[in-house]
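See structure below.
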Amino acid sequence: MDRVLLTAKGAARLQAELKNLKSVERPKVIEAIAEARAHGDLSENAEYHAAREQQSFIEGRIKELEGNLGVAEVIDPSKLSVSGKVVFGALVKLYDVDSEKEVTYQVVGDLEADIDQGKISLSSPIGRALIGKLEGDEFTFQAPAGEKTYEVVHVSYDA
């Protein structure tokens with residue numbers, strides 16, 4: 001399995017999810033299975049089948065999280081000496097030349113990416129285009145909706 005890049009906050013969020021699944025959700029679903037078994041005939045017991053399906057989902061997610069966290073490399077950009085340069089984990093304020101608006105994104109790994117929260121994946125078209133840019137740089141990249149041009153306004157590392 002390839003290494004998984006995470007920010008410190010992203011790693012903490014995944015570890016908290018794993019802990020919740022193991023200590024809260026797993027026992028809850030085991031109890032639901034036991035309760036459904038007590039109702040008798042399992043072949044026509046919808047509650048039993050739903051609980052088993054939920055258990056399968058939880059176990060799969062636990063395995064996925066453990067695998068990802070096992071190969072994770074947590075990167076803290078504030079500890080790097082890269083003043084003004086866009087690196088993994090950086091919080092970047094951009095000026096959209098086409099729409100004349102400012103946007104702010106944090107460059108994160110694939111597991112943390114969430115455009116609604118302003119977190120863009122390192123492997124996304126804009127993420128790949130941003131890496132290595134400096135404050136004041138203008139760059140153009142091919143977005144799914146067509147070519148976009150941005151200017152890097154500010155880079156910080158305390159996100």
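A search for C-beta distances below 7 Å between a residue of segment 95-116 that is exposed (fewer than 13 other Cβ atoms within 10 Å of the Cβ) and any residue that is of a type outside the set (S, T, N, Q), counting only pairs 6+ apart in sequence or on different chains, returns ASP98/LYS148.
Residues checked against (1) at pLDDT below 90; (2) touching a strand residue (DSSP E or B) at 6+ places or on another chain (Cβ under 7 Å); (3) at positive phi:
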site	(1), (2), (3)
VAL24	no, no, no
ALA38	yes, no, no
LEU42	yes, no, no
ALA51	no, no, no
ILE62	no, no, no
LEU69	no, no, no
VAL74	no, yes, no
VAL82	yes, no, no
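Taken as a whole, the structure leaves VAL29 outside the set of residues that are β-branched (Val, Ile, Thr), within 16 Å of the chain's Cα centre (by Cα) and surrounded by 13 or more Cβ atoms within 10 Å (Cβ to Cβ).
Residues that are more than 22 Å from the chain's Cα centre (by Cα) and more than 26 Å from SER23 (Cα to Cα): does segment 53-69 have at least one? No, every residue in segment 53-69 fails to be more than 22 Å from the chain's Cα centre (by Cα) and more than 26 Å from SER23 (Cα to Cα). Looking for something β-branched (Val, Ile, Thr) and loosely packed, with under 14 Cβ neighbours inside 10 Å - is there at least one such residue anywhere in segment 41-58? There is no residue in segment 41-58 that is β-branched (Val, Ile, Thr) and loosely packed, with under 14 Cβ neighbours inside 10 Å.
The values are calculated or read from the model by the stated rules, or taken from the named source; none is laboratory data. Bear in mind that the values here come from a model prediction, so they are computed numbers and not experimental data. No Cβ is skipped: glycine too gets one built from the backbone with ideal geometry, and neighbour counts run over all protein chains shown.
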